[in-house]
Amino acid sequence: MEINQIEIVGERDSAEDEDELQAAVLQWLDAHPSEQLLRWMKGYDGSASRSRQPFQDVIDSIPEANLAEARAAMGEAGAEILNSGQLDSPADGRSKRALYNLLSLADELWHPPTWGRALYGFYGRAAFGGEYPETSFPGLLRRALVNNQINNELLPLWERMLRG
């Protein structure tokens, strides 16, 4: 199944654009290719409004009735992106934006069975520095890990953090 590309490239301006993004997200749920999720997280294909991050617009485009399905599908696609290693050391602005939005998506649309292992693996190998709009990547990753724990595997990490 091929996802129809939204003709909007860049920022959304209208309710019509929001409807188009919602239609695209609902269509995406059928096949949930990770490439499209990554494009949305970078702010392409109508996922970025002027004052919000792409992950917020994508989440807001999910109808309540499809939320459980979206958690699982976006978790699967997000885990595939994280496991691919392509965001392990983001260097350019679009890659940093994608990482920020993907980790934020994992934090907000938590689904431990799909995000858990991928986030833990990413934690073990990621080499990122710096910040993206007032948020440190390590702090954002920590929040996503907290919401997607699948067992007590992270207990040593939390204990180290508590000890300082």
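Brief remarks follow.
- Unique residue being of a type outside the set (Phe, Trp, Tyr) and out of contact with any helix residue (DSSP H, G or I) (no Cβ under 9 Å at 6 or more places or on another chain) when the list is ARG125, ARG143, ARG117: ARG125
- Failed criterion for ARG142 (all others in (1) more than 22 Å from GLU18 (Cα to Cα); (2) within 13 Å of the chain's Cα centre (by Cα) hold): (2)
- Residue check, LEU87 over 10 Å from the mean Cα position of the chain (by Cα), hydrophobic (A, V, I, L, M, F, W, C) and either within 24 Å of LEU140 (Cβ to Cβ) or modelled with pLDDT of 95 or more (or both): yes
- Lone unmet requirement of (1) in contact with a strand residue (DSSP E or B) (Cβ under 7 Å, 6 or more places away or on another chain); (2) at pLDDT 90 or above; (3) not hydrophobic (A, V, I, L, M, F, W, C) for GLU18: (2)
The values are calculated or read from the model by the stated rules, or taken from the named source; none is laboratory data. As the structure is a prediction and not an experimental result, all values here were calculated from the model. Here the Cβ is made from the backbone with ideal geometry for all residues, glycine too, and neighbour counts use every protein chain on show.
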